[in-house]
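In what follows, a single structure is set out as structure tokens and then discussed.
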Amino acid sequence: MMAQEKISGGKLVCIEAHAAGGKAARVKITGDFFLHPEDRISSLEAALVGVPLDMGEGELETRLQDALGDGILIGATCRDLARIFCKAVKK
Amino acid sequence: MRWRVIDYAENDAFMNMAIDEAVSEAVGAGASQPTIRFYGWNPSAVSIGYFQSLDNEVDSAACAREGVDIVRRRTGGGAVYHDTLGEITYSVIASEGLFPKDILASYREICGWIVDSLAILGLKAEFKPINDITLNGKKISGNAQTRRGGVLLQHGTVLHSVDVDRMFSLLRVPDEKIKDKMISSVKERVTSVAQENGEGRDSLYRSLVKGFTEGKTIEFGQLSKKEMSRAAWLSRTRYITEEWNRMR
């Protein structure tokens, strides 16, 4: 399952997710956005692993925001990631 | 504050990225001065952003046929075709404390040096957030920044001439059906120094050196032996490897 979006005024984000038993099993976030520090991407991906596929965008955004912590995402927001993830798993 | 300026030199893609990292380490350790480095890519290469998928962004078979290297950067941002003769790349490597804490403000400051450089050639460019410089609304420079271990590394390219058809023969597009349309659109949205006023690459380089160094105490220097040997090691063990380049 995959969805991608060019964020208005921002960057391209692509999210690929594999599902198992109604939950996201593997998640990969790619694109031309910036994230400081870069290795925080693993935390963002991990925050989406194991979530029920029907989890709402608001709850996903909170999980992502917690995982981002003091990291800085440029060209996309946690809300964008949550929305694109939902799009991907609904495909 | 005295800056070290490393004069233009060409390396392959793997060594170019390794030198930026080796210098960042040396600056972080206090072994090297803040550094402005100018460089070129020989052979021509495609670099992809840290978060990009190589397979999604680059036609590896076409690059192999054309002898074009592919390397993943330590910085985010998009895929860039670096033509040996078509551009000049720079890196700025210094303690984070020398720049605004706000990342966009630091892009604006360093990109301002490029704007100043182009002004020397009579070209009125402007910084376009997040990380571009445009001239009459067309992109002429792309830039990317990372901060690790208290060190800021920003690198970027300034286009001297651009061959959009060749660029798209090496990069993948999301939808092959609209490739021709995308090429036309990019041709309208990208420009270069040669296209704007016909200035040569040497003139562009001289203006970049002036624009980057104006008002600073500088000395032209070289990479240290330690930086060179560390870069050679990083090139061999990281930047040339499939593990690094296909990690996403």
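For B:Phe14, B:Phe168, which order do you get if you count the other beta carbons within 10 Å of each Cβ and list the fewest first?
Working: B:Phe14 23, B:Phe168 19.
In order of increasing Cβ crowding within 10 Å: B:Phe168, B:Phe14.
With a ≥ b ≥ c the root eigenvalues of the C-alpha gyration tensor of chain B, is it rounded (a/c under 1.5), prolate (a/b larger than b/c) or oblate?
Details: a/c = 1.67, a/b = 1.16, b/c = 1.44.
Judged from the Cα gyration tensor, chain B comes out oblate (a/c at least 1.5, b/c at or above a/b).
The string of couplings for the stretch B:236-246 from the Karplus curve (6.51, -1.76, 1.60, θ = phi - 60°) is 6, 9, 10, 5, 8, 7, 5, 4, 6, 6, 10 Hz, one whole number per residue in order, with x for Gly and Pro.
The distance linking the stretch B:181-233 with the stretch B:34-97 is 13 Å (Cα centroid to Cα centroid, whole angstrom). Between 0 and 90 degrees, the angle of helix A:57-68 with respect to the longest Cα principal axis of chain A falls at about 50 degrees. Between A:Gly69, A:Gly21, A:Gly58, the residue with the greatest mean-square fluctuation in the GNM of chain A (Cα pairs under 10 Å linked by springs) is A:Gly21.
Straight-distance candidates among the aspartates and glutamates for linking to A:Lys6, with alpha-carbon spacing under 17 Å and chain neighbours fewer than 8 residues away dropped: A:Glu16, A:Asp32, A:Asp80, B:Glu57, B:Asp132, B:Asp175.
Express as a percent, rounded to the nearest 5, the fraction of DSSP beta bridges in chain B (both residues included) that run antiparallel.
Details: 34 of 50 bridges.
Taking every DSSP beta bridge within chain B, about 70 percent pair in antiparallel fashion.
What is the dipole size for the stretch B:2-245, taken about its Cα centre, with +1 at each Lys and Arg Cβ and -1 at each Asp and Glu Cβ, in debye to the nearest 20? Display every interim value, and only then the final one.
Numbers: 31 positive and 33 negative charges, 110 e Å.
Computed about the Cα centre, the dipole is about 520 debye.
With only Cα atoms counted, the stretch B:1-141 has Rg and Dmax values of 15.8, 47 Å.
If only the Cβ of Lys and Arg carry +1 and only the Cβ of Asp and Glu carry -1, the dipole of the stretch A:2-90 around its Cα centre is close to 280 debye.
Evaluating kT/(6 pi eta Rh) at 37 °C and 0.692 mPa s, with the Kirkwood radius of the stretch A:2-90 over Cα pairs in the Stokes-Einstein relation, gives 260 µm² s⁻¹.
Relative contact order of chain A, please, whole-number percent, based on alpha carbon pairs below 8 angstrom and at least 6 residues apart.
Worked out over chain A, it gives 36 percent.
At R0 = 22 Å, how high is the FRET efficiency between A:Arg26 and A:Asp70 if r is their beta carbon distance? Nearest 0.05 is fine. Each step should come with its number before you reach the end.
Values: r = 26 Å, r/R0 = 1.19.
With R0 = 22 Å, the Cβ-Cβ based efficiency is 0.25.
Under a cut-off of 19 Å between alpha-carbon atoms, report the lysines in cross-link reach of A:Lys23, not counting same-chain residues fewer than 8 places apart. List returned: A:Lys87, A:Lys90, A:Lys91.
Computed about the Cα centre, the dipole magnitude for the protein assembly as shown is approximately 280 debye when only Lys and Arg (+1) and Asp and Glu (-1) carry charge, each at its Cβ.
What translational diffusion coefficient, to the nearest whole µm²/s, does the stretch B:1-55 have by Stokes-Einstein, given a Kirkwood radius computed over alpha-carbon pairs, a temperature of 37 °C and 0.692 mPa s viscosity? Intermediate values should be presented prior to the final figure.
Values: Rh = 12.6 Å.
Result for D is 260 µm²/s.
Is the protein assembly as shown rounded, prolate or oblate when judged by the Cα gyration tensor, a ≥ b ≥ c being the square roots of its eigenvalues, rounded requiring a/c under 1.5 and prolate requiring a/b larger than b/c? Prolate, since a/c reaches 1.5 and a/b exceeds b/c. Note on the stretch B:2-245: Lys pairs 8 or more places apart or on different chains, Cα atoms under 14 Å apart, count 7.
We did not get these values from a lab; they are worked out from the coordinates using the rules stated. The model shown is predicted, which means the values in this text are computed figures rather than measured ones. Cβ atoms come from the backbone with ideal geometry, glycine included; neighbour counts cover every protein chain shown.
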